[in-house]
Amino acid sequence: MTSEEVNRRLDDRDCASLDDRPITCPGDRGRLQVTVSPTVGTLSDGTVTFTVENVADEPFMTNHYRWVLQKWDGSQWRRLAPLAVPGSLQRIPSGGSHTYRLSAIKDSVAHSQSAYIAESDITIGGLGPGVYGLSTHGYFKSTPDDKRAAAAVFGFAGKAPLVRPTATVKNIERVRSTLVVRANVPKDERGSLIVSFGGGTPDVQLLPEHVRQLSGLLNTLPYAATDGIDSVQYVGHADDIEMVDAYLSAVTSTDMTRYGFRDYVFEVTTQK
């Protein structure tokens, strides 16, 4: 997707819908001011900077780790990160500012929730081209009950990374209607994940950006078209297996158990 194509998609979006709180977007003039640069970055080597400036005469109380990255899927905003937020209270002093720098990595999966914990430099693998939103929130010191958000919409242009198995896959075998995919992991560090395919309507459709965060899905879903199978079992590092549950629980509602990706509907079972 070219920069021009992403820019056209940006024309239909503003940042007001990124948060339910009163919100400050780029161009708004108030006690907070927000800038984002560039409006469209490149996936290959670009970084988008998002700055919140406090022009009020009192501190803005916030948590620099409590940012939210979302992607527009064509009909709604979809959360991508983070999963967990350290509980520290910080501040942007009067006349001060805080800047986030968001960079994409082509081939990188998250092995734990801490992969998304960042105070300023946010680095996330598997992002594709399209429209994104970054937001944070807090309150002015004199009005702690009046929480408000600062946010910006921007885009990334370029070629989407492939949804493909990771380099850790060392062995694939078929056991009746299950395809077993194994990574080269010591026995005492292994976990197991089973992706079971079915019909019907999914509770939620996953974006490629969701799938590309997780080795457990990258090492199962690409094999879905294998003739005669109804499930794929991935035997890999236990941390990667646990990450699937942690990530899907964080970015979708807890009552959603049937996931969709492209033309497939599946459920996920993890075992330690």
(message) Of the conditions (1) farther than 21 Å from residue 207 by Cβ; (2) in contact with a helix residue (DSSP H, G or I) (Cβ under 9 Å, 6 or more places away or on another chain), residue 133 satisfies every one except a single condition; which number is it?
(response) (1)
(message) Among the residues that make up the range 134-157, is at least one of them within 17 Å of residue 251 (Cα to Cα) and charged (D, E, K, R)?
(response) no
(request) Please verify whether the range 1-16 includes one or more residues that are of a type outside the set (Ser, Thr, Tyr), surrounded by fewer than 17 Cβ atoms within 10 Å (Cβ to Cβ), at pLDDT 95 or above and not in a strand (DSSP E or B). (result) no
(request) Identify all residues within the range 208-227 that are open to solvent by 20 Å² or more (accessible area, probe 1.4 Å) and either at pLDDT 95 or above or of a type outside the set (Asp, Glu) (or both); write none if there are none. (result) 208, 222, 223, 225, 226
(message) Given (1) hydrophobic (A, V, I, L, M, F, W, C); (2) at pLDDT 95 or above; (3) out of contact with any strand residue (DSSP E or B) (no Cβ under 7 Å at 6 or more places or on another chain), identify the lone condition not met by residue 194.
(response) (3)
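Residues checked against (1) closer than 22 Å to residue 74 by Cβ; (2) not basic (Lys, Arg):
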residue	(1), (2)
1	yes, yes
17	yes, yes
31	no, no
35	no, yes
46	no, yes
54	no, yes
(request) Report whether or not residue 187 is at pLDDT below 95 and open to solvent by 30 Å² or more (accessible area, probe 1.4 Å). (result) yes
(message) Suppose the filter is touching a Pro at 6+ places or on another chain (Cβ under 9 Å), in contact (Cβ under 8 Å) with a residue 24 or more places away in the chain and open to solvent by less than 40 Å² (accessible area, probe 1.4 Å); does residue 116 pass it?
(response) yes
(message) Can you report the number of residues in the range 231-272 which are assigned to a strand (DSSP E or B), open to solvent by less than 20 Å² (accessible area, probe 1.4 Å) and among the β-branched types (Val, Ile, Thr)?
(response) 2
(request) Filter the range 170-208 for residues that are free of Cβ contacts under 8 Å to residues at least 60 places away in the same chain and small (Gly, Ala, Ser) and give the result. (result) 177, 183
(request) Among what's in the range 161-182 and is open to solvent by less than 30 Å² (accessible area, probe 1.4 Å) and in a loop (DSSP other than H, G, I, E, B), pick the residue that is farthest from residue 129 (Cα to Cα). (result) 163
(message) Of everything in the range 33-91, what is open to solvent by less than 10 Å² (accessible area, probe 1.4 Å) and under 15 Å from the mean Cα position of the chain (by Cα)? Give them in sequence order.
(response) 67, 69, 80, 81, 82
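The values are calculated or read from the model by the stated rules, or taken from the named source; none is laboratory data. Model, not experiment: these values are computed from the prediction. Ideal geometry is used to build each Cβ from the backbone, glycine not excepted, and the neighbour counts take in all protein chains shown. For the accessible areas, the whole protein counts, side chains as well, though only heavy atoms, and no ligand, DNA or RNA atoms are used. Shrake-Rupley method; radii C 1.70, N 1.55, O 1.52, S 1.80 Å.
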